[in-house]
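Here's the structure we're looking at; comments come further down.
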Amino acid sequence: MSMNYQERIPNNVDLGSNRTLQRALEHWQPHFLSWWQNLGPRDFQVADVYLRTATSVDAKGWATYGFVRMPEYRWGIFLADRDPNRKIGFGDSFGRDVWQQVPGEYRAILRRLIVTQGDTEPASVEQQRMLGHTAPSLYDLRNLFQVNVEEGRHLWAMVYLLHAYFGRDGREEAEELLERHSGDADKPRILGTFNEPIRDWLSFFMFTYFTDRDGKFQLKSLAESSFDPLARTCQFMLTEEAHHMFVGDTGINRVVRRTLEVMKELGTEDPETVRQGGAIDLQTVQRYLNFWFSSSLDLFGSEMSSNAASYFANGLKGRPDESNYEDHIALEQTYTLELPVGNGKSEQIPMRNAMNEVTRGSYVRDCDLGVKRWNRLIEKAGYPFRLSLPSTRFRRNIGNWAGIPTDTAGHPIGAQEFAARQTEWLPTESDQAFILSLMHGVYQPGWMAAWIAPPDRGINNNPVEYEYVRFQ
Ligand code: BYC
């Protein structure tokens, strides 16, 4: 079904043929818009932003670009095309037809998954709402807003499912998605990372690299779901998500490149001298990386999870790229889990209970690809320093390693040693003050803040100097 932009809510789900649903979503729409005005990007609502808007769910040629004021962005409901032959790809009902409606017995659990996914989308917009004031260039400012409007659309994607398939409870949940707020003392967002403040652009790039990548893996897992509308929604969200991770990957790459230039210019590897040269020393980049990577690891849940086992058994949430696995039932297999007790002791657990850890493992490997690319820059510049991912045991708040102090290699250490060495591993107050001191909005077309290199190319074949955001 093609995308219909003539209606108040653009969609490719033939919304017009279901008046009740259409009315319910039209009732939610002004609540969304007022949330966007109050908690979306602060102070840039009247700027014209060079944004892409989805025009097709086909991954090739699916978007158009043009200047839009963010509140006028056409947030809509877009699902990947339905495959009438699609079968359940894993779990106890492997090979049966996928579901077009929610089976009664899985209603509560599916709603919970959709709400958890939905909750992260507006949360990230809230976390990033002040960053427009300190964008290192118009190119970056535009990318921030692109990410923000698309996270808004991803909220729409989940709200559509709640309204269309979960009746009254779904409508109530949709309201609550706008009532919880990132970092709110009384009504925080559901998952930990989405309550962490993002005050600076180094954190933004780390977030879009590491946390949006959790999004990629969770969406891939949900794109396997037997509940077909959820799977199709997530398939299309993944197309948009790729740009968000690109922003993080290239953002960190540009930070590292600029730092290497300053190191060369000043003939130094000394972090303090690099800072005096206006760049971010690689040691600080590493500490920010440690923080956001470890926080994002928690988003996969516990290593051993009965929730994950039942999601898998019931066909609700699979492994990312499930078709790459040989055994889609996973009843006979086990997974070896290293435990924090007994010095290197491990335990065999049923594979289904280890699905969070399996997905986390794929995520870690994917994260490492970027680290390798950044390290190639450092190596080429002739410096011995290397960035690295800390151990998955480091600074965990969820799962077996929660609250167990380890060093970045994952060796358990005493709480006192952890407290004493934290400043080596995690951003210190003075790191944060330094990073904040670099954050100033740079709004001349083509200009770049001194702490970051320009991107290799602009957006949609436009030059880097293009005026991507026009102020009124
Ligand atoms: N913080 O068996 P467990 C994205 C809770 S990001 C707080 O260990 P389970 C995006 C858990 O809810 C992707 N609580 O874990 C990125 C459970 O609570 P209850 C978002 C946590 O259930 C950037 C309890 O601990 N999508 O899209 O197997 C920008 C024990 O649960 C956390 C999803 O997450 C945590 N970190 O898995 C914008 C997909 N971790 O039931 C967007 C939907 C666990 O005891 N969610 N808990 O009260 C899920 O699939 C699962 O809920 C989780 C947890 C993977 C999150």
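The values are calculated or read from the model by the stated rules, or taken from the named source; none is laboratory data. Values in this document were obtained by computation on a predicted structure and should not be read as measured data. Cβ placement follows ideal geometry from the backbone for every residue including glycine, while neighbour counts extend to all protein chains displayed. Surface accessibility is based on the protein's heavy atoms, side chains included, excluding ligands, DNA and RNA. Shrake-Rupley method; radii C 1.70, N 1.55, O 1.52, S 1.80 Å.
Quick notes
- The eigenvalues of the Cα gyration tensor, multiplied by 5 and square-rooted, give region 209-335 an equivalent ellipsoid with semi-axes of 40, 17, 11 Å from largest to smallest.
- Computed over region 116-156, the P(r) tail beyond 16 angstrom holds 33 percent of alpha carbon pairs.
- Counting all C-alpha pairs of region 1-132, share separated by more than 27 Å (%): 34
- For the chain, relative contact order (Cα pairs under 8 Å, six or more residues apart, normalised by length) works out to 19 percent.
- In the chain, lysine pairs closer than 28 Å at Cα, eight or more apart or cross-chain: 16
- In region 272-425, Cα pairs under 8 Å separated by at least six residues give a relative contact order of 26 percent.
- A Förster radius of 56 Å, combined with the Cβ-Cβ distance separating Gln472 from Arg421, puts the computed FRET efficiency at roughly 0.65.
- Just so you know, the Cα atoms of region 245-397 work out to an Rg and Dmax of 19.7, 60 Å.
- Global geometry of region 1-69, whether rounded, prolate or oblate, following the gyration tensor of its Cα atoms and the 1.5 cut on a/c: oblate
- Pairwise centroid distance, computed over Cα atoms, of region 338-402 with region 420-460, Å: 25
- Heavy-atom accessible area per residue - the chain, 1.4 Å, Å²: 42
- Sites Val364 and Glu105, calculated FRET efficiency, Cβ-Cβ separation with R0 35 Å, nearest 0.05: 0.55
- Estimated translational D of the chain in µm²/s (Stokes, Kirkwood radius over Cα pairs; 37 °C; 0.692 mPa s): 140
- A viscosity of 1.002 mPa s and a temperature of 20 °C, combined with the Kirkwood radius over Cα pairs in Stokes-Einstein, give a translational diffusion coefficient for region 296-376 of 154 µm²/s.
- Across q = 0.14 Å⁻¹, region 173-214 modelled as identical point scatterers on its alpha-carbon atoms has Debye log10 I(q)/I(0) values of -0.37, in the order of the q list.
- With all projection directions averaged, the alpha carbon convex hull of region 100-209 covers 7.6 nm².
- Per-selection Kirkwood Rh - region 343-472 (Cα, Å, 1 d.p.): 19.2
- Extension gain, Gln283-Arg23: 0.36 nm per intervening residue step, less the Cα-Cα distance, totals 88.3 nm.
- Theoretical gain in end-to-end length, Ser388 to Tyr65 [0.36 nm per residue, Cα-Cα removed]: 112.6 nm
- Interatomic Cα distance distribution for region 161-249, bins of 5 angstrom, percent: 3, 13, 16, 17, 23, 17, 8, 2, 0
- Under the Karplus curve 6.51 cos²θ - 1.76 cosθ + 1.60, θ = phi - 60°, whole-Hz ³J(HN,Hα) for region 198-212, x wherever Gly or Pro sits: 10, 9, 9, 6, 5, 5, 4, 5, 5, 4, 6, 6, 8, 7, 4
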